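Input: a single structure, listed below in structure tokens.
The values are calculated or read from the model by the stated rules, or taken from the named source; none is laboratory data. All of these numbers come straight from a predicted model, not from anything done at the bench. What goes into the accessible areas is simple: the full protein's heavy atoms, side chains included, and nothing from ligands, DNA or RNA. Shrake-Rupley method; radii C 1.70, N 1.55, O 1.52, S 1.80 Å.
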Amino acid sequence: MNKIINARELRKSLGDVLHRVQQGERFTVVYRSRLVGQIVPCADAAPGSVDLLPQDDSVATQELLERLRRQAAQHGVSVEDEVRHILQQAVAAPEEKLGDLAVRLFSPAYDDNELVLPAREIPEPLEFPE
């Protein structure tokens, strides 16, 4: 059975809609009076059997997944939440500004003194014959 549902109703009852999709129902989503998509059951997957992780059997991938699982377990979250947290940290703006970082890293090289620049001579302008 195909049921039409608007975006607001979908947001309010997403859990129920997904449960009904697992039972075989189909939904057409309407947003601002326009059809925007459909939510349909996966035809080739048994309920709860979808594995969204890559199907790479290499040793490196398996080791990485195992490390992620352990780390997620230590933090008491799912692997997806752990990966999300790692990615957020990787793309977050640095807490320290670049100028402050440069001062912190390079000031000790100058003994926390101001860098002394040599006196500069101002050259006389050139005169060209006419």
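Okay, residues lined up against (1) modelled with pLDDT of 85 or more; (2) β-branched (Val, Ile, Thr); (3) in a helix (DSSP H, G or I):
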| position | (1), (2), (3) |
| --- | --- |
| Lys3 | yes, no, no |
| Gln38 | yes, no, no |
| Pro47 | no, no, no |
| Asp57 | no, no, no |
| Leu64 | yes, no, yes |
| Arg67 | yes, no, yes |
| Val83 | yes, yes, yes |
| Glu96 | no, no, no |
| Leu105 | no, no, yes |
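Name the single residue, out of those in region 3-17 being of a type in the set (A, V, I, L, M, F, W, C) and under 9 Å from Val30 (Cα atoms), that is least open to solvent (accessible area, probe 1.4 Å).
As a first pass, look at region 3-17 and keep what is of a type in the set (A, V, I, L, M, F, W, C): 4-5, 7, 10, 14, 17.
Remaining after also requiring under 9 Å from Val30 (Cα atoms): 4-5, 7.
On the way: Ile4: 113, Ile5: 3, Ala7: 19 Å².
Taking the candidates together, the pick is Ile5.
Scanning region 117-128 finds no residues that are at pLDDT below 80, in a helix (DSSP H, G or I) and open to solvent by 90 Å² or more (accessible area, probe 1.4 Å).
Total residues in region 20-36 satisfying the condition of being open to solvent by 80 Å² or more (accessible area, probe 1.4 Å) and either modelled with pLDDT of 90 or more or not in a helix (DSSP H, G or I) (or both): the figure is 8.
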